[in-house]
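Bear in mind these aren't lab numbers, they're just calculated from the coordinates by the rules spelled out. Here the structure is a predicted model, which means the values were calculated and not measured. Cβ sites come from the backbone with ideal geometry, for glycine too, and all protein chains shown count toward neighbours.
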Amino acid sequence: MFQYVLITNLIRNGSILYVMVRKGYAQLVLKEEDAKKIEQFIKGNEKYKDRTLSSAIKLILFEVMENDEYLRRYGPFLKWIGPHDNLLLLYDHFLGKTVEIEVHEKMMYCREDEESDCVHIGFCFAIPEVYKILGERGFKPPKVKAK
C-alpha cells in the first residue's frame, strides 16, 4: 500500500499548492480518498502494474496533456460522430465530409488518407470514448513517452 502525507489547509480557492520536498521535485497534495481512488485505478490497470504511484500518475498526466493538445490543435476542424460496426466516424470540416477509420485488432486505418498514421487517427486517440471502444476490440494504444 502507498503511504499518504496528510497536509491540511493547503488547498484554497480550488488551487493546488505544490510543496517542495527535494530540489527539482514538487509534492502534489490530494485528499486521502482521492489518492486511494487513484491507487485502486492504477493497481487495477495492467498498463501501470510495474510502475510506482508517482510514475503511473506522471504517465497518466502526460497522456491527458497529449490528448488535450490534439483536441486543441485539431478539434476545430474534426468532430467525433461515433462508432459504426468496425468503423470510427469523424467529420472533417476542411474536407467537408465524413472520414471512416477502420479498427483492426492491432491497428487503425484511415480510408480517407489511406494510411495508419494521420491526423484523423491521432484525433481518435484524444477521445475517451474511442479508448473504451478500442479496448473492447483488443486494440492496444501506443505508449506515450514522457519528456
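The simple spin-label model puts a point 7 Å past each Cα toward its Cβ; for Lys106 and Tyr91 those points are separated by 3.6 nm. Applying 1/(1 + (r/R0)^6) with r as the Cβ-Cβ distance of Asp117 and Phe41 and R0 = 30 angstrom yields a FRET efficiency of 0.55.
Taking amide H as placed 1.01 Å from N in the peptide plane, the amide H of Ile81 sits under 5 Å from that of Leu89, Leu90, Tyr91, each at least 5 places away or on another chain.
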